[in-house]
Each structure stands twice: as structure tokens, then as C-alpha cells.
Amino acid sequence: MDTGTIKQILLITDGCSNQGEDPIEVSHAIAKKGISINVIGVLEDDQSEDPLGLREVNEIAQAGKGISRIVYADLLSETVQAVTQQAMTQTIQSFVSKELKEIFGKNTDEEDLPPETRGEVHRVIEDLGESAHLQVLILVDTSASMQHKMEAVKDALDDFILSLQARTGQHSYSIYQFPARNQVVKELLPWTSDGKSVAKVFPKLAAGGITPTGAALKQAVRAFQTVPALEEWSDEGDDAVDTSYGSSS
Amino acid sequence: MTLSIHPTVHLANQQTLTGIWNKRRYKIVRKIGEGARGSIYLATMNQRFVAVKISQDTSVISREVNTLNMLKKVQAIQLGPLLLDVDDAYINKHEKLPFYVMEYIDGVPMNRFIKQKGMKWLLPISSQLLHQLYYLHQIGYVYGDLKPENILIDKQTKQARLVDVGGITQFGRSIREYSATYDRGYWGLGSRKADPAYDLFALAASMMMMDPKIKSHSSQTKNIFALLARGNQMKPYAAVIEKALKGHYSSALDMKRALSKIATRNKANQARKKKLDEPSYKVELISIGTILTVHALILYYVL
């Protein structure tokens, strides 16, 4: 059984996109290409859980066949790790249940198996999860409102990389920010598996401007080189560049 | 499928769960725990108390059942709660969920136990835990999420029991569940790859947190050694704790031996103290007595 590489986008944001394409549609399209999108919504300290503005967080993840969580900044570390792990298990699980259907017939779900057999299936899923090649693109919202949460984001990513390094299987990650000066997204760190690179990247994470989440997702996904047919994506809307950065280019 | 669901499951008191495969019936008494992976209920089966773990996330149940079955291989001691049943049940008309049933351990979490009964319990509890960790490590697994909240002291037997098996991880794999304060990765003192020293670090950190002064400062520093130095109550154990934090014990038995040395020394010190204290106490009484008598005599003669 070959699961190949598990590809994920991890989006860390604190609210609604306000420019460019509909992130939910983009997310849906990306999921179709075999990349799941996990979204973590970061709350303000005085915000109640599930405020209206963060509803989009759940919708993007749902469209992207990923996992979403809405948390306060101090819980970010544990959440990043849990979300990634869970999404990976889910990807493998859906793959395995497809296989099950092939073996036992169309209407077989994992739940239809007796508990003991299910345990065996789970062991396989777990082994695959530990040994599969995991590729995570981290996309960080650096709009103005995220400014004071950047320290927590940095800690969370440091912590996440530590967990990645402990895996048996291979991994690689890259970090993108949005918005950036005269760009929708900016590559901060190309694909790497080096644990020490995060610290070098973070001083560059200046925050400011608008939140073009949809456009940012669409551009960032290009980093997965093996994704076919990028050409069919129209470039319309990609130029959701914040004009407040000035025109000194 | 909604993917942002919370894994907790709400069951009503007095509700009955009937297993679809094994047909056993469980009557829910009350909720006793709720976490990131599901809910735990106290229930009765044929007038006997049991604990029922149920979760919206089916993989959680499969994984923990696998772990509990694996723990049965250790015959020398009971590691983790005893697994009694695994089944699915309809929790309402539409929703079918998997659950498992384990023995009910009527206990108090280590942090509350020590707060109530005193620091003298720290050594015996830690030794018991190291004994259990030794057996777990023997079969190639680490406990992972070791923290005071996961250690129950049985009210009857006063035995420490590790109740949550969700973090148990095979050697060499990535620790699947941890809590920052007890995780060596968080403190910059090692990787998150499962090895015996990972558990010994977590145990040493758990011991430290029994000192209220250390606990209250734990989020203010990222230097765990500086933190250790803040607590007076940890002085007798500081050397062992420090060694465990640094990963210098390669086996749970080594750490256990080091702790029992402290225990013997403590006892010897106490005994010596007692010996010294008793006579001096008497001498004082005699001298006070003498002084009083002399005074009385003087008074008698003067009058």
C-alpha cells in the first residue's frame, strides 16, 4: 500500500478575509488536488469563543477537507500539533476506507467491522501516519490585527517543528506569510526539514495590511510543485495587493 | 462531515447503553471526566461500578483499546486500568458511537492527594510510578503524557495508578500526547521522540510541581533548573530531579534506586534527630525542676 506524500496547508489567521477571491471556493479547489487545508483561528483574549468573524475558519477547513480549531493564542502550540496529526490520520483513514470498500463491498465502513477488526485497521492507519512523508505548507496571516499574536505563532511553530522532527517518516515544511509588501503572499522559508530555520525566518514576519485569504491560498499552493495543472487557475484576483504599502516598486 | 466537532459525548444520567455486538448493558451514573479525546462516565453493570470511555472520534477508541490490550502482555503488574469490554451503542435514535469499558478506579489525583496528605507521600508515590514505568519500558513503550492529573491514588489501597493511556507511545516514535509543563521538548531539553528518559523527565517535572511555589512560577521561565531552585520543599530531592531532567538516568530503576537512597537517608536523619531531641528535652525539664526547687528552698529558708 503506497500512501505517497501527505500534503497539507496549515493556515493560521485571526479572522475574515476582506479582499480577493472567496477562500472557501479556493479551498475546495485545492482539496480536489489532494491537499487538505487545516485552519487555526486565533482569538483575541477578550473575545468569546466562536465569534461571527471566525465562522469562515471552519468553512475554509471544511471545504478543504481538513480540520479547524478556534483557540486563544496561548493554546496555539498544542493545537497546531493536534490539528496536523488529526488531519493526517483522517487523510489516511479515508484512503484506507476506500480500500476496505474494495475488499468488502461498496457499503462497508470502518464502523461496520467488529471492534477487534477495527483495532487492526487502526494499527495500520497509525503505522502509516507515523511513517508517511508529510509535507506541510504553513501560511501565516500577518495582517495588522495579528501583530501582537506573532510571538505566540512563533512559539507554536517552533514547537510544531520539534514534533515533526520526532516522526519516523520524512517531513518537509515551508513558511509563507500574507499579505506582504506589494505581494499577496511571500515565501519566508522554502521547503526544508531543518529544525533550526524557523528562528531565522521570524524577524521578517512584519505584520500589516489587508487579509486576502483566498488569493493567498491560491498562490501559496503553487509551492507544491507536484500539483498538476496550475495553469487552469485564472490569475484574476491574484493581484489583491494592499495599496497601502505604497507604490515604490 | 463536520470536522471541527468536539470529541466529547453527552450522555444523560440513568441513560442505558446497550452494546450492539456483546449485548451488555451499562447504566450511566454520572460524568467523571472530559478531555480533548472524549468523555468518561461512571456506570454500573450488574450492580458493579465500571468506567465507560466514549468519543465522537472513533479512532481514539480504537487506539486506546489497542493500547490497553497491549498492556495486558505485562503480567507482573497491572499497568493502566483493566479493559472489560469494547462495543458500539446507539446514544440516541440516530447516533451510533464506539466505546470501551474499564475498571473504575476510585481515586484522587496525585496533586490533590499530596496537598491533603502531605509531602511525605511524594517518595512512595514516585517509587511506585517508577516501578510501573520500568515494566512499561521493558515492553518497549513510554507513557508519554505523564502529569499529576493523570496519576490517580486509589483511595483504598493508596496505590498510584496511571489512568489515561492516550499518550502511550512505542519507542522511537513521536510522542503523541504531552502537556507543555511536563514535556522536555518545551523546556529545550531534548526531542519528542519516545525513549525511557522522556518519562523520567516528566516524572521529575511532576514531582517539582508538588511544591506550590514552583508551580506558581512555572509559566514565568523557560529554565526549568532555575525553577527547581525556587522551591524549598524540593531541596531533599533536587539532585535526583535535576539528574532526571538532564536525562542522565537511562532506566526507571536507576532513578528509583536514587530515590530510595534519599528515603533511607531521610529515615536515618529522623531517627538521629529523635534520639538527640528526647534526652535534651528531659534535661531541660530536670533543670527547670531544679531551678524551681532551689527557688522554693531559698524562699522557705528566707521566710
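The values are calculated or read from the model by the stated rules, or taken from the named source; none is laboratory data. All of these numbers come straight from a predicted model, not from anything done at the bench. With ideal geometry, Cβ positions are generated from the backbone for all residues, glycine too; neighbour counts draw on all protein chains shown. Protein only, heavy atoms only, side chains kept; ligands, DNA and RNA dropped before computing areas. Shrake-Rupley method; radii C 1.70, N 1.55, O 1.52, S 1.80 Å.
Centre-to-centre, using Cα atoms only, the range B:183-221 and the range B:148-173 are separated by 16 Å. Dividing the summed -39500 (n - 2.57) terms of all DSSP H runs of n ≥ 4 by the residue count of chain B sets its mean residue ellipticity at 222 nm at -13500 deg cm²/dmol. Net charge in the neighbourhood of B:Ser260 (other residues with Cβ under 13 Å of its Cβ; Lys, Arg +1, Asp, Glu -1) is +4.
For trypsin sites (Lys or Arg not before Pro), the sites in the range B:154-234 that DSSP calls loop and that have at most 12 other Cβ atoms within 10 Å are B:Lys155, B:Lys222.
Shown are A:Lys200, B:Lys147, whose ranking by accessible area with a 1.4 Å probe and every protein chain present, most to least, is A:Lys200, B:Lys147. Couplings for the range A:11-17, taken from phi via the Karplus curve 6.51 cos²θ - 1.76 cosθ + 1.60 with θ = phi - 60°, read 9, 10, 9, 10, x, 5, 6 Hz in order; Gly and Pro are left as x. Net charge dipole, chain B: roughly 500 debye, given to the nearest 20, about the Cα centre with Cβ charges of +1 for Lys and Arg and -1 for Asp and Glu. GNM on chain B, alpha-carbon springs under 10 angstrom: the most fluctuating residue among B:Ile32, B:Ile40, B:Ile114 is B:Ile32. Helices meeting the span-like rule in chain B (full DSSP H runs, Cα extent of at least 15 Å along the helix axis, mean Kyte-Doolittle score of 1.0 or higher): B:196-208. Structure note, pairs B:Lys117/B:Lys213; B:Lys120/B:Lys273; A:Lys98/B:Lys31; B:Lys243/B:Lys267; B:Lys31/B:Lys93; A:Lys200/B:Lys213: Cα-Cα distances above 25 angstrom occur for A:Lys98/B:Lys31; A:Lys200/B:Lys213. Neighbours of B:Asn150, meaning other residues whose beta-carbon lies under 15 angstrom from its beta-carbon, give a summed charge of -3 when Lys and Arg score +1 and Asp and Glu score -1. Place +1 on the Cβ of every Lys and Arg and -1 on the Cβ of every Asp and Glu in the protein assembly as shown, take the dipole about the Cα centre, and give the residue among A:Val71, B:Tyr186, B:Ile91 whose Cα lies farthest towards its positive end. Checking the options against the dipole of the protein assembly as shown, the answer is B:Tyr186. Taking Lys and Arg as +1 and Asp and Glu as -1, the other residues whose beta-carbon sits under 13 Å from that of B:Gly231 total +2. Amide H of B:Arg161 versus every other amide H placed in the peptide plane: which residues, excluding those fewer than 5 positions away on the same chain, fall under 5 Å? It is B:Leu152, B:Ile153, B:Asp154, by chain and number.
Of the residues B:Gln15, B:Asn66, B:Ala76, the one whose Cα sits farthest towards the positive end of the charge dipole of the range B:1-82 is B:Ala76 (charges of +1 on Lys and Arg Cβ, -1 on Asp and Glu Cβ, taken about the Cα centre).
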